[in-house]
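The values are calculated or read from the model by the stated rules, or taken from the named source; none is laboratory data. Computed from a predicted model, the values in this text were never measured in an experiment. Here the Cβ positions follow ideal geometry from the backbone for every residue, glycine too, while neighbour counts run over all protein chains shown.
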Amino acid sequence: MKVYLGNLWEYLRTSFWFVPTFMMLLSTLLAVGTIWFDLSFHFSRRQLPFWLISANAENAEVLISTIASSMITVAGVVFSMTMVVLSLASSQLGPRLLRNFIRDPVTQVGLGIFTSTFLYCLLVLAWLLALADTGVHLRLSLTMAIMLAFASLLMLIRYIHHVSVFIQADTLIQAVSDELCSAIDRLYPDTYDKETSAPIAPHDNEHPGQSLMIPALTSGYVQAIDLEGLFHFADEQDASLQLYCQPGQFVIEKAQLATYWHQKPPEEEIDTQLNRYFIIGDKATPEQDIVFSIRQLEEVALRALSPGINDPGTAIACVDRLTIALGILLHRHFTSSHRFNDDGLLRLTSKPISFENIADAALNQIRQHSQANVAVTACILRNLAMLARQAVRSTDKQAIEKHAILATNGCLEHINEPVDRERIDQSLSEVKSALHQSHGQDFHSG
């Protein structure tokens, strides 16, 4: 249930309709509340606070109508601005980064406050027309409409400033980087300890009983997997599960999601039961997929390296942000892919993920597309040297050395200038020296 709620929340906060709709609902409740307040004070003949605006029915109708028409006009302008910004961001930085702009709170609240103010004014105007000949003055409702209009103007200024800053490449790269670091803290919260995090002995992968292939019932991207649910299901059925997919991976209908090893005949529709623990949608999401944000930064870097844009500075900024994430992962503990119950029986085997897997996803394509670019390759090697000084696990050091050698060899094949070749060779030497210095040493922060 927790996985499904998390997936639902991710869907809601990356949609353009949720926050504006929620704000319109609040504005409806606010209109009902202020009108009820005004009517209660009128019929009880109690005195309202002096600072509430007072106007006759005709003037109040004109004022509310003016605010309503202005708000719907501004809402149209804001929507047009948003579409232009989305178009520019899509063409310059990549369509996958549109998600970051859509889920941005300022963007959602900016659109919501104008539409909700418009709806509030419509509701108050309807009551003003209905009470025109009764002598009732909706003073609180009128005052609230003016306050909402003032707040909307402030929000318009804030929105214009925010959009002009947010559309900049550096700001967007920073936002994606922050999301990536948050995903690391969420998915890998435990710090690596060399003494307590000893390597797990290899498992023989032998499963008791008969095997049954579990196919996917639909095609799409694996958005989330309820590992806890699968573990408890297998334990209750005295069975074992081996998974063949990870969050973020694309699967087709009837592709093998898992193998179900069972001692007793499985229940009917076991395929349907187990597929409920896999959330498969039309696009990847960052809920459980750490590579999602890496792909976003990677896409910005690849577009910057394309001949049509040729912006190495943006690519270098992406490499720097990816290095921050890799540096955090060097000190995080990766959980075992094997899960056992209290009796020591293997119940769930998931696809393992390691620092090397994530480093490959972060650096492979950028390294391949920057082979003829000395500045970007030198940046990759310089950052790998920083990572090498912090690496503790031997597998992490091997991954760093692998990418350093691949980046160097690829670049040297495409450049002939002796000065540039010497610079790349020297950068590789720094990586190897850093790896040698960190051999057998623990990194202590602070």
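In region 52-78, of all residues being under 32 Å from the mean Cα position of the chain (by Cα) and hydrophobic (A, V, I, L, M, F, W, C), the one that is surrounded by the fewest Cβ atoms within 10 Å (Cβ to Cβ) corresponds to VAL77. Can you tell which of GLY344, GLY308, GLY313 is surrounded by fewer than 22 Cβ atoms within 10 Å (Cβ to Cβ) and on the phi > 0 side of the Ramachandran plot? Among GLY344, GLY308, GLY313, only GLY344 is surrounded by fewer than 22 Cβ atoms within 10 Å (Cβ to Cβ) and on the phi > 0 side of the Ramachandran plot.
Restricting VAL376, VAL392 to residues that are over 27 Å from SER306 (Cβ atoms) and either assigned to a loop (DSSP other than H, G, I, E, B) or touching a Pro at 6+ places or on another chain (Cβ under 9 Å) (or both) narrows the list to VAL392. Restricting attention to region 93-108, the residues that are aliphatic (A, V, I, L, M) and surrounded by fewer than 20 Cβ atoms within 10 Å (Cβ to Cβ) total 3. Consider region 232-257 and keep the residues that are among the acidic types (Asp, Glu) and over 29 Å from the mean Cα position of the chain (by Cα). The one that is surrounded by the fewest Cβ atoms within 10 Å (Cβ to Cβ) is GLU236.
Here ALA359 does not fit the description of being more than 30 Å from GLY229 (Cα to Cα) and either assigned by TED's automatic domain parsing to the domain that holds THR314 or under 29 Å from the mean Cα position of the chain (by Cα) (or both). With respect to LEU384, determine if the residue is in the same structural domain as GLU299 (by TED's automatic domain parsing), surrounded by 20 or more Cβ atoms within 10 Å (Cβ to Cβ), assigned to a helix (DSSP H, G or I) and within 31 Å of the chain's Cα centre (by Cα). So LEU384 fits the description; yes. Filter region 292-325 down to residues that are more than 19 Å from the chain's Cα centre (by Cα) and of a type in the set (Val, Ile, Thr) and give me whichever is nearest to LEU172 (Cα to Cα). Filtering region 292-325 for residues that are more than 19 Å from the chain's Cα centre (by Cα) and of a type in the set (Val, Ile, Thr), the one nearest to LEU172 (Cα to Cα) comes out as THR314. Considering region 45-103, the residues that are outside any helix (DSSP H, G or I) and small (Gly, Ala, Ser) include one that is modelled with the highest pLDDT, namely GLY94. If the condition is being crowded, with 23+ Cβ neighbours inside 10 Å and small (Gly, Ala, Ser), then region 400-412 contributes ALA404, ALA407. When region 337-373 is filtered for residues that are closer than 18 Å to CYS245 by Cβ, part of a loop (DSSP other than H, G, I, E, B) and not hydrophobic (A, V, I, L, M, F, W, C), the ones remaining, listed by number, are SER337, SER350, LYS351, PRO352, SER354.
The set of residues in region 97-143 being of a type in the set (A, V, I, L, M), under 23 Å from MET81 (Cβ atoms) and touching a residue at least 40 places away in the same chain (Cβ under 8 Å) consists of LEU97, ILE102, VAL106, VAL109, LEU111, ILE113, LEU119.
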